[in-house]
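Before any comments, here is the structure.
The values are calculated or read from the model by the stated rules, or taken from the named source; none is laboratory data. Note that the coordinates shown come from a computational prediction; the quantities given were computed from them, not determined experimentally. Positions of Cβ are backbone-derived with ideal geometry, glycine not excepted, and every protein chain shown enters the neighbour counts. Quick note on the areas: whole protein, heavy atoms, side chains included, nothing else; ligands and nucleic acids left out. Shrake-Rupley method; radii C 1.70, N 1.55, O 1.52, S 1.80 Å.
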Amino acid sequence: MDRTIEGKAYINGTFETCCIGFENGKISAVKKILKGNEHIDFGHKLILPAGIDIHVHFRDPGFIQKEDFSTGSLAAAYGGITCVFDMPNTQPPAITLNALVEKTLIAKKKSFIDYGLYAAITDDNIENVEELAKKCSGFKIYLGSTTNSLQLSSQQLKKALHKISKTQKITLIHAENESCLKKHERVEHNLKDHLYHRPSECEEISVRTVLESSKDLSSKIHICHLSSCEGFEALRGHPKNFSVGVTPHHLFFDIKSIHSNHTFYKVNPPIRSPLDRETLWHGAINGFIDVLESDHAPHTLEEKEAEFDKAPSGVPAVETMFPLFLAEVKKRKMSFNRLISLLCEKPAELLNIPKGRIEKSRDADLIVVDFKEMSTIKSEKLHSKSGWSPFEGWPAIFPSCVFVRGEKLIEGQEILVKQGFGRFVGE
Ligand code: NCD
Ligand code: ZN
């Protein structure tokens, strides 16, 4: 055995004081007593599966003033995330085989952690689904316009989903109906205008279109960043192949809890009412919601400081997601079981990767957490290029040690592997 670690590990839904053995990047044994070539005793600290973020925008290539695969993956790592799936709204957009190959090479060179890539299906590349499937982890469909978006018209959705279902890949959907958004378009001076422009009704219509267009299909369909009671209702009793995601910002903010003209909170779908937020929390806690996804969408401070109407939508969140929710677990707002399911187990299952659980034969992707060590989020200490966070000053519990495939990636503040350590997963 290459290495063994010891501590209070989250195994099969409970904490056990035990040892975990690593061999060739995998978990090779979980036992009361084990001794490898190198043994680390973490004492009373908790050992958890590392997080998997199925929704990030690392902006590479094309918008590397906002982020790149190096800074994005570093930010993820410090936040206890060892695997990310990157969205296609880069430049050139990930809608052709060439663009996907180019992006894979960039990630291969720069990423500190494991990664997968999505291809977008738009009105112009539906015929290429099969070809693209060979090089991507899944597909993204935007049904409404958003930052650098790549749209598919609702009329083409059925055809696209049928083609994708033959590839057995997952489809992630940005569910905001474009004609509904157009109908409500207006000059935006504040978050209320932004919300008026993108009402819950647009999410509901879009979700219903997806349900209708995917009848009889069995491939996985994931509704990204659910944000409203109406969307929630539309999804009640959804088919088994559906899953639902929620972001930290939709769980932590509502339109009443924030400054109404602050562009930091301008995001798509928008931050909505306290009731919407409460409904989403309820869904995250009771299991209706399957996944916590950061929708890490970094923009520079300069870009965000533009007039409200011109400022881009999006919030950086990959580094703060796991730490913020660990603090929620400590406050007993969420159980460990729900958190690990939302951030580790379910994402691994959806993307079909051998991670997300402390179990023999899975990748040895783990984080070590001192549950007594509550800290506060400080933007200047975060690693994203964007340099700001809407969670400034919030309580959080950051991991003290992070392992990827059995290698120590982070210890304290130090990064111990080189850029390019990350591997492509989920092809
Ligand atoms: C995302 C971005 O900036 O790329 N913005 C956002 O508000 N969420 C695009 C998206 O996922 O909608
Ligand atoms: Zn997104």
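With the simple spin-label model, which puts each label point 7 Å out from Cα in the Cβ direction, the residue 233 to residue 352 separation comes to 3.6 nm. Measuring only protein heavy atoms, the 1.4 Å probe finds residue 376 accessible over about 70 Å². Here the Karplus relation 6.51 cos²θ - 1.76 cosθ + 1.60, evaluated at θ = phi - 60°, turns the backbone of region 313-322 into coupling constants of 8, x, 9, x, 7, 5, 7, 9, 4, 4 Hz, with x for every Gly and Pro.
Candidate cross-link partners of residue 31 among the aspartates and glutamates, defined by an alpha-carbon separation under 13 Å and a same-chain spacing of 8 or more, comprise 6, 16, 359.
Order of 37-47, 76-86 by packing, highest average Cβ count within 10 Å first?
Details: 37-47: 15.2, 76-86: 29.6.
With the highest mean Cβ count within 10 Å placed first, the list reads 76-86, 37-47.
Beyond 32 Å in Cα-Cα separation lie the following of the pairs 134/158; 45/135; 134/183; 378/408; 32/331: 45/135; 134/183. Can you tell me the 0 to 90 degree angle between the C-alpha axis of helix 274-286 and the longest principal axis of the chain, rounded to 10? Helix 274-286 sits roughly 40 degrees off the main axis of the chain. Per the chain: cysteines with no other Cys C-beta under 4.7 angstrom? Unpaired cysteines in the chain: 18, 19, 83, 136, 224, 229, 344, 401. The angle separating the long axis of helix 200-213 from the principal Cα axis of greatest extent in the chain is about 80 degrees. Between residue 184 and residue 419, the FRET efficiency from the beta-carbon distance, with R0 = 51 Å, is close to 0.70. For region 355-364, 3J(HN,Hα) computed residue by residue from phi via the Karplus equation (6.51, -1.76, 1.60; θ = phi - 60°) reads 10, x, 9, 8, 7, 3, 6, 7, 4, 7 Hz, glycine and proline entered as x. Measuring how big the chain is from its alpha-carbon positions, Rg and Dmax come out at 20.4, 65 Å. Distance check, please: which entries in 108/169; 110/310; 240/360 exceed 29 angstrom between their Cα atoms? From the list (108/169; 110/310; 240/360), the Cα-Cα distance tops 29 Å for 110/310.
For region 1-97, the ratio of Cα radius of gyration to the globular rule of thumb 2.2 N^0.38 Å stands at 1.44. Between amide H atoms placed 1.01 Å from N, distances below 5 Å from residue 273 occur with 255, all of them 5 or more places distant or on a separate chain.
Computed over protein heavy atoms with a 1.4 Å probe, the accessible surface of the chain works out to 39 Å² per residue.
Simple spin-label estimate for residue 44 and residue 102 gives 5.4 nm between the two label positions (7 Å along the Cα-to-Cβ direction from each Cα).
Under 5 Å between amide hydrogens, built in the peptide plane, is the criterion, and for residue 221 it picks out 171, 242, 243 among residues at least 5 positions away or on other chains.
Backbone geometry of region 386-396 corresponds, through the Karplus equation with coefficients 6.51, -1.76 and 1.60 at θ = phi - 60°, to 3J(HN,Hα) couplings of 4, x, 8, 8, x, 9, 3, x, 6, x, 7 Hz, x marking Gly and Pro.
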